[in-house]
Structure formats: C-alpha cells, structure tokens
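The values are calculated or read from the model by the stated rules, or taken from the named source; none is laboratory data. The structure displayed is predicted, hence computed values, not measured ones. So basically every Cβ, Gly included, is an ideal-geometry build from the backbone, and we count neighbours across all protein chains shown. Note: areas computed on protein heavy atoms with side chains; ligands, DNA, RNA excluded. Shrake-Rupley method; radii C 1.70, N 1.55, O 1.52, S 1.80 Å.
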Amino acid sequence: MSIFDINKNHDLKIEYLNDSPIFTIENFYKYPEKVYKHIFERPYYEGRARFWQFDQIPTYNGIYFEDRRFSENDERLIPIFLLLKKLVEKHSSYQYTFRSRVVVNFTSLKSDEKSLEFNNYIDNYWWPHIDKGFNGIVYFHDEWGTNLYSKNNTDERNNINDSFAPWRSKNHYHLLKKIKPKFNKLVIFDGGEFLHGMDVPNKKYFGEESRNNQIFFFKKEETQKSDQANIF
C-alpha cells in the first residue's frame, strides 16, 4: 500500500475546449487525507515550503501575499505519472516526458489594508501564464479553482517578475473557462494551449488559510506519439 494509491473505480470525464481535451477525475486518491498530511502539513515545520522566487528583486512575495512551493523526488508517484502520461498521449499527437516529483503550491493573500489594495481581484486576474505541456492539478480545497484564457491577449509582460506584478488587468484577457475545485479532484489540461492561472473570486484565502494544490507536469516533445494501450 502507498499513500499515493488512486481509486481504481475512478470516474473519468473528458470535455473539449478549442478542440483541446480537459480531463477530470473526482475522488482521485484512495487516501486523500494521508496525502494531504504528508505533503501539506510536513513542509512548514520541516522548512520545505519556501517563498517562490524569493531571491528575485523586486518581489512582493511575503509582503502582500504568500506563494510557497516545494518539489521533491518521490518514486511512489511513478505509476501515477505513467498512467496519466498514457491518458494524455491517447488524446494527443505528441509524446510527453515527466519527472517523478511531488510538486506542491501553497497560496494565500494577506488581509491588511495595504495588501487589500494590492490584491485587487475585482479588476485583475492572477498571473495568466503558459507552461510547456499538460498540467495536472489535484485540488485539496473547495474554492479558488483555475482560469483558462485565450492566448490572444493585449497584456505587455516583457521582463515583468510575476512575484512583483502578479495581478494583470482583466481588460487584456479573454476568459474561456473557470475550472471549479473540489477536494481530491484531479483536472488535466494543456498548459501550452491556454494561458491559465489561479481564480480568485472572493476573499476565502485572504489571511492564514492557504489554497493547496499538488501539480503534475508533462513536458511536450516535438515527436509523434507511439500507439498506446487503451487504459481508460
């Protein structure tokens, strides 16, 4: 038994956005409470969850918000990565690579007067960005999901540090979809096809409580895929 065992009787749902697949599996982990305890409760007292890009200057991380992350190797995740890799490649024309790592995000926004002025979620989106392949997100919270945007935007972000200017005007982006979070829900989408970022619709995580995610990254290779067995 591994704490990272997944439910065998999972319910896979597939939808398409701009002809790109989005996969959803609810009740993903068999022992989600054990996973949560291992990857979200340990990092603080072991000093693993460090401020993201804290060494970049300038930064407001730790001042107006806290964006903490850690990543570590864990061979127990290899079967999950292999399973999800086959799922992604079955619905793609490309092959994907991965590193078997636990990747975790902790995000909260501060609630003092200056922070509330900085964290203007009414008029802005939180850092829409592109990744180099498919992203898998396991949500361990029930609010603040993920927004998917069109890549056609009018925002000028050249040489901007995301820990310095994470909020970007909504006027420059076209929102395509809001992915709703749910505890122990896995969602996989093409992070290279859509600009994407954290959805901040309210003040749920303004304060001490964090929005906690586990992330799976699959990097796209410029080679055609080989035939894969139908495992889903």
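A few notes on this one:
- Rounded, prolate or oblate (a/c below 1.5 giving rounded, otherwise prolate when a/b exceeds b/c) for segment 119-232 by Cα gyration tensor: oblate
- Across the alpha-carbon set of segment 60-180, the Rg to Rh ratio works out to 1.00, Rh being the Kirkwood radius.
- Accessible surface of segment 116-232 [probe 1.4 Å, protein heavy atoms]: carbon and sulfur percent: 44
- Angle in degrees between helix 78-90 and the longest Cα principal axis of the chain, rounded to the nearest 10: 80
- The spread of Cα positions in the chain, taken along each principal axis and listed from longest to shortest, comes to 54, 42, 29 Å.
- Per-residue [θ]222 nm for the chain (sum of -39500 (n - 2.57) over DSSP H runs n ≥ 4, rounded to 500): -3000 deg cm²/dmol
- Label-to-label distance, residue 219 versus residue 151, with points set 7 angstrom from Cα along the beta-carbon direction: 1.9 nm.
- Theoretical FRET efficiency, 1/(1+(r/R0)^6), r = Cβ-Cβ of residue 38 and residue 111, R0 35 Å, to 0.05: 0.75
- Each peptide in 7-14, 74-81 receives the mean, over its residues, of other Cβ atoms within 10 Å, and ordering these scores from highest gives 74-81, 7-14.
- Computed label-point distance, nm, for sites residue 180 and residue 204 using a 7 Å Cα→Cβ extension: 1.1
- Projecting label points 7 angstrom from Cα along Cα→Cβ for residue 10 and residue 132 puts them 2.5 nm apart.
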